[in-house]
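Report on the following structure.
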Amino acid sequence: MSQKTRDHSMPAVFLLLIFACLLLSSCSILPTSGTKQYVYTEQKKASIGTRNEKELLKKLSTNGFTEGTTYQNTAATHFSVTEYKKYGKTLYLLVIEGNQNYLICPLDFSTDEVKKDFGDELTIIDQGQGNIYLAATACGSFFRACNAIDDIGFSSIRPADWSISQLKDAMDNKQIRFAGKYSAPDYERLTDGKASLAIESTMILHTPAVREKLLKLGIPVMIDYSSYESTPEARLEWVKVYGIITGHKNEAFRFFNEKYKNIEKVNQLEKTGKSVAYFSLDAENNVVVRSGSDYIPAMIERAGGEYAFPDLRNPDSDSHSPTVNLSFEDFYKTAGDTDIMIINTTIEGSIGSLSALTDRNSLFSDMKAVRDGNVYETSADIYQSADESDQIINDMHRIIKGKKAKKYFKRLD
């Protein structure tokens, strides 16, 4: 430790300000798996602590782990999986977003030695243990896709909020129990029910105390970054992560391969040249759009449209967030002449009608898509349907062509 680090003369208020800034800045500075030293980045260097992934791999080797196959992702960029062998058992090193390192171990593999040798440098996940607390609700479709619904024991939302019928039914039948929202879990229910893993969205980074509490109770925390992928097939490839965690690897890989072929087919859809603005309105009528590098614009392109904000990026260069807040004036400058508007209603709920939209802001009346009646809103279940990306793209193509959507979009009258 340097002399500067040991200097306690710095005012306490200033230290608190620094700490607050760190918490509120880039999500990547927060350790997200209990590990504070090992990281795995595309740049092959450490971004937290002083050790890089090469040291982790070396330590695995010196502790008797034999490296096997590293799976080559077809499209996903925010996770990697490598097989390892020890004592004749197959284990998986899962690395997520550069700073989450997990060792997925079969149930008949004793993890005591690993925990002793690695401490919090690796988070241990017992493969197929079940009793998962699913607080990243968009990932429910991945469990559906690989037939792993039975591995979920707890949900952060109530039955009425699930659009996935299998999950809703499981909650109605008390096979899955409500255990509090992600920001306020029912810790007693989770511990009494022996929750084996908490799967969180990146929203948990805004409530770090919750994550730390879960870890203290012995519940591993995994943060899902599938929504940060830049294409629908990359997002869909996360089904492999959940297949490996639950022991449904073969089903997951088979599902992805079949769906990937379907998504490849939609690349042949007719290009229309029509511009599309995809956005949401929050409770204060502020406009939130998707970054041009997000998977939603990629889906619009696949559907034959042209995203209205292709070059838009999050102004925070350290943030991977796929959403960007715009003033209505800035939104109007670009979206005023777009051919089609799609309103994401998965958070704030349905708009209902064109008149209700113009009541939110009278300037909508002057926008081309509103005048032409080409305004659509998403269905409530679109965010929970990552496993049906090909169908969503085809539905999007239908509305861009002026046809009625089959399921995922509704025209506002």
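The values are calculated or read from the model by the stated rules, or taken from the named source; none is laboratory data. Keep in mind that what you see is a predicted model, and the values were worked out from it rather than measured. Note that each Cβ is placed from the backbone with ideal geometry, even for glycine, and that neighbours are counted across all protein chains shown.
All of 242, 260 fail the test of being closer than 22 Å to residue 138 by Cα, outside any loop (DSSP other than H, G, I, E, B) and modelled with pLDDT of 95 or more, apart from 242.
Within region 215-248, the set of residues being in contact with a strand residue (DSSP E or B) (Cβ under 9 Å, 6 or more places away or on another chain) and farther than 30 Å from residue 187 by Cα comprises just one member, 237.
Here is a yes/no grid of residues against (1) closer than 13 Å to residue 278 by Cβ; (2) surrounded by fewer than 13 Cβ atoms within 10 Å (Cβ to Cβ); (3) not acidic (Asp, Glu):
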{"position": "315", "(1), (2), (3)": "no, yes, yes"}
{"position": "326", "(1), (2), (3)": "yes, no, yes"}
{"position": "376", "(1), (2), (3)": "yes, no, yes"}
{"position": "379", "(1), (2), (3)": "no, no, yes"}
{"position": "388", "(1), (2), (3)": "no, no, no"}
{"position": "404", "(1), (2), (3)": "no, yes, yes"}
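Inspect all residues belonging to region 283-295 and state whether any of them is among the acidic types (Asp, Glu) and assigned by TED's automatic domain parsing to the domain that holds residue 128. No; the residues of region 283-295 include none that is among the acidic types (Asp, Glu) and assigned by TED's automatic domain parsing to the domain that holds residue 128. For region 157-177, enumerate the residues that are touching a helix residue (DSSP H, G or I) at 6+ places or on another chain (Cβ under 9 Å), among the basic types (Lys, Arg) and exposed (fewer than 15 other Cβ atoms within 10 Å of the Cβ). Hit for region 157-177 is 158, nothing else.
Against the test of being aliphatic (A, V, I, L, M), under 19 Å from the mean Cα position of the chain (by Cα) and surrounded by 15 or more Cβ atoms within 10 Å (Cβ to Cβ), the options 245, 340 yield a single qualifying residue, 245. Residues that are without any contact (Cβ under 8 Å) to a residue 60 or more places away in the chain and aromatic (Phe, Trp, Tyr) were ranked within region 71-100; the one that is farthest from residue 125 (Cα to Cα) is 87.
Applying a threshold of 7 Å to beta carbon distances and a minimum spacing of six or more residues, or different chains, the list of pairs starting in region 173-195 at a residue that is under 10 Å from residue 155 (Cβ atoms) and ending at one that is modelled with pLDDT of 95 or more and aromatic (Phe, Trp, Tyr) reads 176/154; 177/154; 179/133; 179/154.
Given region 115-226, what strands (runs of 3 or more DSSP E) lie entirely inside it while holding 3 or more residues that are closer than 26 Å to residue 90 by Cβ?
The qualifying strands (runs of 3 or more DSSP E) are 123-126, 132-134, 197-200, 221-223.
Under the condition of being β-branched (Val, Ile, Thr) and either more than 24 Å from residue 340 (Cα to Cα) or without any contact (Cβ under 8 Å) to a residue 60 or more places away in the chain (or both), the residues counted in region 228-281 number 5. Scan region 344-366 for residues that are out of contact with any strand residue (DSSP E or B) (no Cβ under 7 Å at 6 or more places or on another chain) and surrounded by 15 or more Cβ atoms within 10 Å (Cβ to Cβ) and the total you get is 3. When residue 293 is tested against (1) touching a Gly at 6+ places or on another chain (Cβ under 8 Å); (2) of a type outside the set (D, E, K, R); (3) surrounded by fewer than 19 Cβ atoms within 10 Å (Cβ to Cβ), only condition (1) is not met. Contact map, region 386-413: first residue among the β-branched types (Val, Ile, Thr), second residue in a loop (DSSP other than H, G, I, E, B), Cβ cut-off under 7 Å, separation 6 or more or different chains; pairs are 392/385; 392/408; 393/303; 399/405; 400/272; 400/303; 400/304.
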